[in-house]
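The values are calculated or read from the model by the stated rules, or taken from the named source; none is laboratory data. The shown structure was predicted, so the numbers you read here are calculated from the model rather than taken from an experiment. No Cβ is skipped: glycine too gets one built from the backbone with ideal geometry, and neighbour counts run over all protein chains shown. Surface areas here come from the heavy atoms of the whole protein model, side chains and all, with no ligands, DNA or RNA. Shrake-Rupley method; radii C 1.70, N 1.55, O 1.52, S 1.80 Å.
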Amino acid sequence: MKKSILLFFAIIFTVICNAQSFDFDQGVKAFKEDDYEKALNYFNSELNNNPKNSLAYFYRAIINKFNESNASALTDINNSIKNFSGKNKTSLAYAYRLRGDIYVSIESYNKALDDYATAIKLVPDDADFYIDRAQIYTDLEDYTKAELDYRQVLKIDEGNVQGWAGLGRNYLTLENYTEAEKILNKLVKLSPEYLGGYYYRSLVFYEIKKYDEANNDIFKCIFLDDSDKQARDLFISFSKENPLLALSNINTQIALNPQKDFWYFMKAQIEENRNFISNAIENYSKVMELTDISNKSLLLQYRGDCYAEAGNYDKAIADYNEAATLDSNNAYVYNGRAEVKHLMGNYEGSVADYTKAISIEPADYFFYYARGWVKEKFLKDYKGGLEDYNQAISINKEYPYLYLNRGKLYKEDLKDLEKAKLDFEKVITLDSIVKANSNCKQYALFYLDR
């Protein structure tokens, strides 16, 4: 959103070249330096002295929108539109565009579309207006109108990569994989360095079970931009279909640049997923040799998880301890250490670590679930276990294991057979699809004597 806002500013500022006041000029300077609080003060002063300065309202609307003060942003942009010169069609069009974005933020989509229609009428050859409106149509699942806008973008500028990517993505969403692949092939040929083409095409390839092609495309994405977390996560996910291909691509990059920590990290993630734990540990250790210390806590957590998986609990605890020292606000460090302490028989310590994790991430149902299980199963604290299961269910009502464990607690320890029956029946309702693993319906049937 910030880049989009700055783009508005850059375009509109080049259109308007009128001399401005000291306060306005200083506001613009602070805005360019991302000092929005200082910019806001200058624009406030400017508008106190010149209450008809449409550009000052425009800038202040941008800042208010950025600060999620949508009511103030809407008031400002209305004043900006009211005071714009009738000769400045481009400036006025961008003001309507900004108001359209504000309406999107407050989910007034019809008003947003009306403003985009006005902006397009004022400046009919600006491809960005159609791209933005197409995104609104896409969010509203009106793919027919979105396609018309993307096609118009390409009429204005046949080389517009966002137009091609939007079309391809929408065909992908509609499961028209043949047309999506055709469009995205064009995009990749048109702009081989644009990662959006590879990203969406990888999804198409995956859906049509061309797993190697999907793997190679998503690898190209992270090669072009290794900061793209969505692409990184997708690469790890796709690598499960052919981990050797993914590792081959990574090993090539390691050979070319053996000091780049990123590739060792990706290799560690893939090795961990394929359960080659010793290889994962080796690669996480290599990353820690190469990486900046600011990342070490997270890496220690990952390596600690691997040590725990391998049954090397002492080393796991050592990694979790060091990770917690470096970053005391990572709930998953305490979660990992709690699991290991439970496995080592330190049940009180396990509960204490789950409690610490909950204090950091109180909305994560799993921490309550895990703590409740340790309490009721090993410490015989049935009341405490029940309270934790109830809290977990209040956060996530769709996880069947919560009801299974609570049902077992009701049946075996609290002797409340009616409540137990209700929980087991809830498991059967929720766990209705047979999966490769993690089903628990069979246990509920067993406890119901079915």
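Could you tell me whether the stretch 344-355 includes any residue that is under 30 Å from ILE433 (Cβ atoms) and out of contact with any Lys or Arg (no Cβ under 6 Å at 6 or more places or on another chain)? Full working, then the answer.
Kept after step one, since they are under 30 Å from ILE433 (Cβ atoms), are these residues of the stretch 344-355: 354.
After this cut, where a residue has to be out of contact with any Lys or Arg (no Cβ under 6 Å at 6 or more places or on another chain) as well, the list is none.
No - not one qualifying residue is present in the stretch 344-355.
List every residue pair whose Cβ atoms sit under 8 Å apart, with the two residues 6 or more apart in sequence or on different chains, where the first one lies in the stretch 245-264 and is over 21 Å from GLU213 (Cβ atoms) and assigned to a helix (DSSP H, G or I) and the second, anywhere, is modelled with pLDDT of 95 or more and charged (D, E, K, R).
ILE254/LYS267; ASP261/LYS286; TYR264/LYS286
Among the residues of the stretch 252-259, is any open to solvent by less than 40 Å² (accessible area, probe 1.4 Å) and modelled with pLDDT of 95 or more? It would help to see each step written out before you state the result.
Looking only at the stretch 252-259, we keep the residues that are open to solvent by less than 40 Å² (accessible area, probe 1.4 Å), and these are 253-254.
Next, only the ones that are modelled with pLDDT of 95 or more stay: 253-254.
Scanning the stretch 252-259, I find at least one residue that is open to solvent by less than 40 Å² (accessible area, probe 1.4 Å) and modelled with pLDDT of 95 or more, so the answer is yes.
Taking ILE358, is it within 27 Å of the chain's Cα centre (by Cα) and of a type in the set (A, V, I, L, M, F, W, C)? Walk me through it before giving the result.
Details: within 27 Å of the chain's Cα centre (by Cα): yes; of a type in the set (A, V, I, L, M, F, W, C): yes.
Against the criterion (within 27 Å of the chain's Cα centre (by Cα) and of a type in the set (A, V, I, L, M, F, W, C)), ILE358 qualifies.
Being within 21 Å of PHE367 (Cα to Cα), more than 31 Å from the chain's Cα centre (by Cα) and among the acidic types (Asp, Glu) is the filter here; which residues of the stretch 391-450 pass it?
Of everything in the stretch 391-450, just one residue is within 21 Å of PHE367 (Cα to Cα), more than 31 Å from the chain's Cα centre (by Cα) and among the acidic types (Asp, Glu), namely ASP423.
Looking at this structure, is SER91 of a type outside the set (Lys, Arg), modelled with pLDDT under 95 and out of contact with any strand residue (DSSP E or B) (no Cβ under 8 Å at 6 or more places or on another chain)? I'd like the intermediate steps shown before the answer.
Values: of a type outside the set (Lys, Arg): yes; modelled with pLDDT under 95: yes; out of contact with any strand residue (DSSP E or B) (no Cβ under 8 Å at 6 or more places or on another chain): yes.
Spelling it out, SER91 is indeed of a type outside the set (Lys, Arg), modelled with pLDDT under 95 and out of contact with any strand residue (DSSP E or B) (no Cβ under 8 Å at 6 or more places or on another chain).
Quick test for you: out of ILE428, ILE360, ILE433, pick the one residue that is surrounded by fewer than 20 Cβ atoms within 10 Å (Cβ to Cβ), in contact with a Lys or Arg (Cβ under 6 Å, 6 or more places away or on another chain) and without any contact (Cβ under 8 Å) to a residue 40 or more places away in the chain.
Numbers: ILE360 fails: in contact with a Lys or Arg (Cβ under 6 Å, 6 or more places away or on another chain); ILE433 fails: in contact with a Lys or Arg (Cβ under 6 Å, 6 or more places away or on another chain).
From the options ILE428, ILE360, ILE433, the qualifying one is ILE428.
Considering only residues that are in contact with a Lys or Arg (Cβ under 6 Å, 6 or more places away or on another chain) and surrounded by 23 or more Cβ atoms within 10 Å (Cβ to Cβ), which ones fall in the stretch 366-409?
Scanning the stretch 366-409 gives GLY385, ASP388, TYR389, TYR403.
With open to solvent by 60 Å² or more (accessible area, probe 1.4 Å), outside any loop (DSSP other than H, G, I, E, B), at pLDDT 95 or above and in contact with a helix residue (DSSP H, G or I) (Cβ under 8 Å, 6 or more places away or on another chain) as the only criterion, which of ARG169, ARG151, ARG133 stands out?
Values: ARG169 fails: open to solvent by 60 Å² or more (accessible area, probe 1.4 Å); ARG133 fails: open to solvent by 60 Å² or more (accessible area, probe 1.4 Å).
Of ARG169, ARG151, ARG133, the one residue that is open to solvent by 60 Å² or more (accessible area, probe 1.4 Å), outside any loop (DSSP other than H, G, I, E, B), at pLDDT 95 or above and in contact with a helix residue (DSSP H, G or I) (Cβ under 8 Å, 6 or more places away or on another chain) is ARG151.
Which one of these does PHE58 not meet: (1) in a helix (DSSP H, G or I); (2) under 27 Å from VAL161 (Cβ atoms); (3) more than 29 Å from the chain's Cα centre (by Cα)?
Answer for PHE58: the failing condition is (2).
Would you confirm, using the coordinates I've provided, whether SER191 is among the hydroxyl-bearing types (Ser, Thr, Tyr) and either under 30 Å from PHE129 (Cα atoms) or surrounded by fewer than 18 Cβ atoms within 10 Å (Cβ to Cβ) (or both)? Please lay out each step first, then the result.
Working: among the hydroxyl-bearing types (Ser, Thr, Tyr): yes; either under 30 Å from PHE129 (Cα atoms) or surrounded by fewer than 18 Cβ atoms within 10 Å (Cβ to Cβ) (or both): yes.
Answer is yes for this residue.
Every residue in the stretch 224-240 that is part of a helix (DSSP H, G or I) and surrounded by 15 or more Cβ atoms within 10 Å (Cβ to Cβ), please. Reasoning before the result, please.
Initial filter on the stretch 224-240 (part of a helix (DSSP H, G or I)): 224, 229-240.
Answer for the stretch 224-240, where residues must be part of a helix (DSSP H, G or I) and surrounded by 15 or more Cβ atoms within 10 Å (Cβ to Cβ): LEU224, ALA231, ARG232, LEU234, PHE235, ILE236, PHE238, SER239.
Output the number of residues of the stretch 36-55 satisfying the condition of being open to solvent by 20 Å² or more (accessible area, probe 1.4 Å) and not in a loop (DSSP other than H, G, I, E, B).
The first filter runs over the stretch 36-55 and keeps only residues open to solvent by 20 Å² or more (accessible area, probe 1.4 Å), leaving 36-38, 40-42, 44-45, 48-52.
Remaining after also requiring not in a loop (DSSP other than H, G, I, E, B): 36-38, 40-42, 44-45, 48-49.
Summing the residues that are open to solvent by 20 Å² or more (accessible area, probe 1.4 Å) and not in a loop (DSSP other than H, G, I, E, B) in the stretch 36-55 gives 10.
Can you tell me which condition LYS397 does not meet? The list is (1) assigned to a helix (DSSP H, G or I); (2) under 19 Å from ALA370 (Cβ atoms), and all the others hold.
With (1) assigned to a helix (DSSP H, G or I); (2) under 19 Å from ALA370 (Cβ atoms) applied to LYS397, the lone miss is (1).
Collect the residues in the stretch 82-103 that are open to solvent by 20 Å² or more (accessible area, probe 1.4 Å) and either assigned to a helix (DSSP H, G or I) or in contact with an Asp or Glu (Cβ under 7 Å, 6 or more places away or on another chain) (or both), keeping them in residue-number order.
Hits for the stretch 82-103 are LYS82, ASN83, LYS89, THR90, LEU92, TYR96, ARG99, ASP101, TYR103.
So, in the stretch 104-129, of the ones that are acidic (Asp, Glu) and open to solvent by 50 Å² or more (accessible area, probe 1.4 Å), which residue ends up nearest to GLU141 (Cα to Cα)?
At the first step, the residues of the stretch 104-129 found to be acidic (Asp, Glu) are 107, 114-115, 125-126, 128.
From what is left, the residues that are open to solvent by 50 Å² or more (accessible area, probe 1.4 Å) are 107, 114, 125.
Details: GLU107: 14, ASP114: 17, ASP125: 25 Å.
For the stretch 104-129, the residue satisfying everything is GLU107.
Kindly provide the set of residues from the stretch 306-332 that are among the polar types (S, T, N, Q) and open to solvent by 30 Å² or more (accessible area, probe 1.4 Å), ordered by number. Before the answer, list the steps.
Step one: filter the stretch 306-332 for residues among the polar types (S, T, N, Q), giving 312, 321, 325, 328-330.
The answer is ASN312, ASN321, THR325, SER328, ASN329.
Can you find a residue in the stretch 208-220 that is closer than 14 Å to ARG169 by Cβ, open to solvent by 20 Å² or more (accessible area, probe 1.4 Å) and at pLDDT 95 or above?
no
Give me a count of the residues in the stretch 189-223 that are aliphatic (A, V, I, L, M), over 22 Å from GLN253 (Cα atoms) and part of a helix (DSSP H, G or I).
Selection size over the stretch 189-223: 3.
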